[in-house]
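The structure under discussion appears below in the form of structure tokens.
The values are calculated or read from the model by the stated rules, or taken from the named source; none is laboratory data. This is a predicted model, so every value here is computed, not measured. Every residue, glycine as well, gets a Cβ built from its backbone with ideal geometry; the counts of neighbours run over all protein chains shown.
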Amino acid sequence: MKKLITGSAMLVAVLILANCSSTKKIAAVPKLTYETNVKTVVVGNCSPCHIPASGGNKRPYDNYANLKSDIDEIIRRVSLQTTERGYMPFKRPHLSDSTIMVFKQWKADGLLEN
């Protein structure tokens, strides 16, 4: 009987340790890019003022270079309350937290273009 209990305990221990491997791989989260993730957010939320093809007269954000150079100011302004001076998008509802997070994550990921 002692051998049966000892054998069962060893089998359980082996099964537990076999599933506690540190070699399991964690799926990599893809980094955000201007072309894939950010451009659609800008077109959907910053036009017509910042999209020249729509007749806007503000700094154009339909290109990577301008958006990249102004990212800190963009994040600051979209994070303001709708009643605060400088809030963007002007005369529109506040962007969702997930939309603002696209800008922040793109910056954290290194402002990649493609």
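The number of residues in the range 93-114 being outside any loop (DSSP other than H, G, I, E, B), free of Cβ contacts under 8 Å to residues at least 60 places away in the same chain and in contact with a helix residue (DSSP H, G or I) (Cβ under 7 Å, 6 or more places away or on another chain) comes to 4. Look at the range 80-92: where a residue is more than 15 Å from V41 (Cα to Cα) and a partner is surrounded by 12 or more Cβ atoms within 10 Å (Cβ to Cβ) and hydroxyl-bearing (S, T, Y), sitting 6+ places away or on another chain with Cβ atoms under 8 Å, you get L80/Y87; Q81/Y87. Checking the structure you have, find out if any residue of the range 43-54 is at pLDDT below 95, under 20 Å from L112 (Cα atoms), of a type in the set (V, I, T) and not in a loop (DSSP other than H, G, I, E, B). There is at least one residue in the range 43-54 that is at pLDDT below 95, under 20 Å from L112 (Cα atoms), of a type in the set (V, I, T) and not in a loop (DSSP other than H, G, I, E, B).
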